[in-house]
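All remarks here apply to the structure that follows.
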Amino acid sequence: MTETALTVQQTARPTGFPTADHFRFVESALPEPAPGELLVENLYWSVDPYHRSMMDGEFALGAPLEGRTLGRVLESRDPAYSTGDLVFHRAGWRTHSAVPAGQVRRIEQFEGVPLSAHLGILGGTGLTAYVGLTRIARLKEGEDVFVSAAAGGVGTATGRLARLLGAGRLVGSAGSAAKVKYLTEEVGYDAAFDYHDGPAADLLAKAAPDGIDLFVDNVGGEQLGAAVGALRRYGRVVRIGTIGQYNKAALAPVPVDLSEIVEKSLRMEGFLVSDYRSLQDELYAFVVPHLRSGRVRSDETVVDGFGRIVEAFLGMLRGENLGKIIVRG
């Protein structure tokens, strides 16, 4: 077993797009778990869009970054856990973590399902998609759905789960022709478009000429305005994120015709997936059988080596991934 740990710290607040200079790797001795804690060797790390917004103030400078992580218990000082247990926790962006037992969750290894799926379609990514569709939008069978940033982690999970839930026409937007092809040929979207190819309203009208019932919004901005215009009466907008604005110093106004929200009886609602962790077992029950049968897959871009975690994070912000981006130790 290695005797040293490696940790990523944030060194400065970015203005606009972050760079590798905003981070540093720090080597230290392995942490010593206190009574009630576990020493965890981390195996997989999640890098997520929300990390960018936290860099503006929520992450402390010169301290380890927070992040979703899967690891193996090396030493347990809590009777509920044993050496070798696989666990999920949020003290990530480091090779080893000393974590209070109350802040970890034991991971079940489902036969035929890769462990990394617990950071993708079975993790916070999949839970976000599941909550958005079932609790916030209350998707009905046959309803037509538009998803922005559809080739990312939440977007691919949303597409796959919406199909399982009986969605009608499924339309996505993405940032390249390769991603558009992936959505229609691999994920199951009926139509998709590259948002660089013209005004969002025109592209959406071509992809969904009869309108939509639901918009799952990961981007904000122009696409949100276009979706509101395309929504039918009693349509819904589920606001998940605004990745299109995370690296902008000043937020541009969103071109939404607010009168349409009244005239078409639309509903717009956001949520934090952390408020719905009680649904984790429900997500497992719904998705795991389909993962085992092959009807559903966990869309992933895997980056090997903890030393590349910053590279993976910046690549995710640039949209270089298909599905959930995961770092593997």
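Just so you know, all these numbers are worked out from the coordinates, no wet-lab data involved. Worth saying up front: this structure is predicted, and the values here are computed from it rather than measured. Here the Cβ is made from the backbone with ideal geometry for all residues, glycine too, and neighbour counts use every protein chain on show.
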task: Mind checking which of Leu204, Val131, Phe215 is farthest towards the positive end of the stretch 124-273's charge dipole, using Cβ charges of +1 (Lys, Arg) and -1 (Asp, Glu) about the Cα centre?
output: Val131
message: What's the ranking of 151-157, 65-71 by average number of surrounding C-beta atoms within 10 Å, highest first?
response: 151-157, 65-71
task: Would you mind getting the Kirkwood hydrodynamic radius of the stretch 124-273 from its Cα pairs, rounded to one decimal in Å?
output: 14.9 Å
task: Mind ranking 11-18, 142-149, 193-200 by how tightly packed they are, going by the mean number of other C-beta atoms within 10 angstrom, highest first?
output: 142-149, 193-200, 11-18
task: Taking the dipole about the Cα centre of the stretch 23-85, with the C-beta of Lys and Arg at +1 and of Asp and Glu at -1, give me whichever of Ala34, Val73, Ala63 is farthest to the positive side.
output: Ala63
- prompt: Who wins for biggest fluctuation among Ala117, Ala192, Ala80 in a Gaussian network model of the chain, springs between alpha carbons below 10 Å?
  reply: Ala80
Test item: Cα-centred dipole of the stretch 124-273, Lys/Arg +1 and Asp/Glu -1 on Cβ, debye: 420 debye
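Counting only other residues whose beta carbon sits under 10 Å from that of Met54, what net charge do I get with K and R as +1, D and E as -1?
-3
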message: I'd like the orientation of helix 280-293 relative to the chain: the angle between its Cα long axis and the longest Cα principal axis, in ° from 0 to 90, rounded to 10.
response: 80 degrees
- request: For the chain, find the longest principal axis of its Cα atoms and tell me its angle to the long axis of helix 221-230, 0 to 90°, nearest 10.
  value: 40 degrees
query: For the chain, what relative contact order do you get, as a whole percent, if you take Cα pairs closer than 8 Å and at least 6 residues apart?
result: 17 percent
Check: the chain dipole with +1 on Lys, Arg Cβ and -1 on Asp, Glu Cβ, in debye: 380 debye
- prompt: Ranked from highest to lowest mean number of other Cβ atoms within 10 Å per residue, what is the order of the peptides 36-42, 96-102?
  reply: 36-42, 96-102
task: Compare the Cα positions of Val256, Leu314, Leu266 along the charge dipole of the stretch 246-329 (+1 at Cβ of Lys, Arg; -1 at Cβ of Asp, Glu; about the Cα centre) and return the one farthest towards the positive end.
output: Leu314
message: Can you compute 3J(HN,Hα) from phi for each residue in the stretch 209-217, using the Karplus curve 6.51 cos²θ - 1.76 cosθ + 1.60 with θ = phi - 60°, rounded to whole Hz and x for Gly and Pro?
response: x, 9, x, 9, 9, 8, 10, 9, 9
- line: Relative contact order in percent for the stretch 124-273 (Cα pairs under 8 Å, 6+ apart) equals 22 percent
query: For semi-axes √(5λ) of the Cα gyration tensor in Å, the choices are [x] 59, 24, 21; [y] 36, 22, 17; [z] 33, 27, 17; which was calculated from the structure?
result: [y]
